[in-house]
Structure formats: C-alpha cells, structure tokens
Amino acid sequence: MEFLYEGKAKIVYKVEEDKCLIYFKDTATAFDATKKAIYEGKGVFNNTISSIIFQLLEERGIKTHFIKKVSDREMLVWRAKRLDLEVVVRNITAGSLCKRLGLREGERLKKPLVEFFYKKDELHDPLICTEHALLLGIADRKTLLETKRIAKKVNSILKRFFKDHGLLLVDFKLEFGILPDGRLAVIDEISPDTCRLWDIKTGEKLDKDRFRFDLGDLLEGYKKVLRKIQ
Ligand code: UDP
C-alpha cells in the first residue's frame, strides 16, 4: 500500500491504480484545528456510520466513491480527483450561517439552502458563489450545477432516512470528486463530524457540536446516532 495523504481525521492509501483505502483516525479538530482532541473509537463510529450512509445513497442512485467497508476503521473507495469545494446543505439554521447573518439557531428554512465553500486551509475555507468557483477554476459551470443538484437529492434522501430513525438533519457538508471514468461522485465521509444531527424528541445535539462547544461526551452522541440508524 502506498501512503497518499493524511488529513485531520483520515489517512488515505493507494491500494490499486484506481482504488484507495481510507483509514479513520480518532482525532477531533474544530475551529480551523485550533481545538484538538483524541477520542478513542471515534474512527470506528465514523467509518461505520459513513459506510451505512454511502451504501444507502448508492442504493438510491447517487454515485459515491464507496466500494465497501473492509474493517472497523477502513473503507475501500474508488480513487477520485477531489474538487476543492465543500457543498453545505442546510434545513435548519445553525453554525456559520447564524454567525454570518445574525440568525437565531434552530429556525426551519422554507427550503433547503445550498452553499459553496472554497476548500483552502490557508484561507479558512471561505464562503464562495458559483462565479468565484468558476474564477478559481474549481470546476466548470455544468459540474458546479450538478454538485448542487446531487446535494439537494442527497438531502431529501438523508432527511427522510434520519427522520425515520428519530433524528433531525440540521445541515451537512459534502465533497465531490471525479472518478477515473469521468463521473462526478460524492466522496470523503458523511458522519456526525460532517452533519448536524439533533434528537427529534429531546433536541439533544448528537454531532461534532458536542466537541466544538463542550456539550457532553462526543462518543456518547455518535453512539446514539449509530444505534438509531443501525
Ligand atoms: N462542515 C464540515 N467541515 C467543514 C465545515 C463544515 O463537515 O470544514 C459541516 C458541519 O459539521 C456542519 C455543516 O458542514 O454540519 C455546516 O457547517 P457550518 O458552515 O455551519 O460551519 P461550522 O460552524 O460547523 O464550522
């Protein structure tokens, strides 16, 4: 196996010309990695939860990089050329949307809001519009529109899925890549690190906000998410 890349929460290895292995670490980071911690077992939760979600999306016709979960902490995926883009979908106000626009947290949006962020650590992942993404050469107009269309479809699938399991999908982030055959696919992970999930009955926050704002044991939240969706 050839080491390819180590990120804040994952390590990526090349296993064959067109396949990679993603290893999920136990590290948690927030606020531009100024806040850091290790939670033993977090990687296992995120790999397991992401695998369940990617499988669901594939079954519902969304192209993803997911091939299979190969161990507690490892997922086999198709190799993809990552777009330097984070696509955020919101159903309820929270996080940077509230901060930026002075909104109260927890307000239901009339329709889902899709936002683009430029994936660039040095610039702290700024909010961008389609014209900025074109200017930066992140992707062509057709591909950018396609990421928005897929993100909205993923939102309807996941909103319903989580609701059926007692969870409210507040917002989430997707990343996209181009597969060797040229197709656009959802890549990276979809887990409580990248989604805001609230218990429908109690309103309890079960995602990374627990770590960001010291709301309680992080793994307790992730364990509750997994128990509900399994
Ligand atoms: N998100 C993410 N990675 C990022 C930024 C955001 O996974 O680098 C997720 C985050 O967990 C939340 C959604 O995208 O579910 C919207 O995040 P927001 O823009 O509110 O930023 P935050 O306040 O979480 O930094």
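The values are calculated or read from the model by the stated rules, or taken from the named source; none is laboratory data. Here the structure is a predicted model, which means the values were calculated and not measured. With ideal geometry, Cβ positions are generated from the backbone for all residues, glycine too; neighbour counts draw on all protein chains shown.
Odds and ends about this structure:
Conditions (1) exposed (fewer than 14 other Cβ atoms within 10 Å of the Cβ); (2) more than 20 Å from PRO192 (Cα to Cα); (3) within 9 Å of the ligand (Cβ to nearest atom), marked per residue:
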site: ARG79; (1), (2), (3): no, yes, no
site: ARG82; (1), (2), (3): no, yes, no
site: ARG90; (1), (2), (3): no, no, yes
site: ALA94; (1), (2), (3): no, no, yes
site: CYS98; (1), (2), (3): no, no, yes
site: GLY102; (1), (2), (3): yes, yes, no
site: TYR118; (1), (2), (3): no, yes, no
site: HIS124; (1), (2), (3): yes, yes, no
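- Index of the failed condition, GLU58 passing every other in (1) more than 12 Å from the ligand (Cβ to nearest atom); (2) surrounded by fewer than 19 Cβ atoms within 10 Å (Cβ to Cβ); (3) part of a strand (DSSP E or B); (4) not basic (Lys, Arg): (3)
- Pairs where the first residue, in segment 1-18, is under 23 Å from ASP193 (Cβ atoms) and the second is at pLDDT 95 or above and of a type in the set (Lys, Arg), C-beta under 7 Å, 6+ apart: LEU4/LYS14; ALA9/LYS25; LYS10/LYS25; ILE11/LYS25
- Each residue in segment 98-122 was checked for being touching a residue at least 24 places away in the same chain (Cβ under 8 Å) and either of a type in the set (D, E, K, R) or assigned to a helix (DSSP H, G or I) (or both), and 5 of them qualify.
- Index of the failed condition, ASP18 passing every other in (1) surrounded by fewer than 14 Cβ atoms within 10 Å (Cβ to Cβ); (2) touching a Leu at 6+ places or on another chain (Cβ under 7 Å); (3) modelled with pLDDT of 95 or more: (2)
- Criterion (within 19 Å of the chain's Cα centre (by Cα) and either crowded, with 20+ Cβ neighbours inside 10 Å or free of Cβ contacts under 8 Å to residues at least 60 places away in the same chain (or both)) met by exactly one of THR194, THR130: THR194
- Among the residues of segment 24-50, those identified as aromatic (Phe, Trp, Tyr) and surrounded by fewer than 17 Cβ atoms within 10 Å (Cβ to Cβ) are PHE31, TYR39.
- Unique match (being of a type in the set (A, V, I, L, M), over 24 Å from LYS10 (Cα atoms) and in contact (Cβ under 8 Å) with a residue 40 or more places away in the chain) among ILE62, ILE92, ILE53, ILE67: ILE92
- Taken over segment 180-217, the criterion of being under 17 Å from LEU83 (Cα atoms) and more than 16 Å from the ligand (Cβ to nearest atom) is satisfied by PRO180, ASP181, GLY182, ARG183, LEU184, ALA185.
- Which numbered condition ASP72 misses (of (1) away from the ligand (no atom under 16 Å from the Cβ); (2) under 14 Å from the mean Cα position of the chain (by Cα); (3) not in a helix (DSSP H, G or I)): (2)
- Selection status of LEU109, surrounded by 13 or more Cβ atoms within 10 Å (Cβ to Cβ), among the hydrophobic types (A, V, I, L, M, F, W, C) and on the phi < 0 side of the Ramachandran plot: yes
- Conditions (1) without any contact (Cβ under 8 Å) to a residue 24 or more places away in the chain; (2) more than 16 Å from the chain's Cα centre (by Cα); number of the one not met by TYR39: (1)
- Those helices (runs of 4 or more DSSP H) of segment 123-230 in which at least 2 residues are within 24 Å of ASP26 (Cα to Cα), considering only elements entirely within it, cover 209-212, 218-229.
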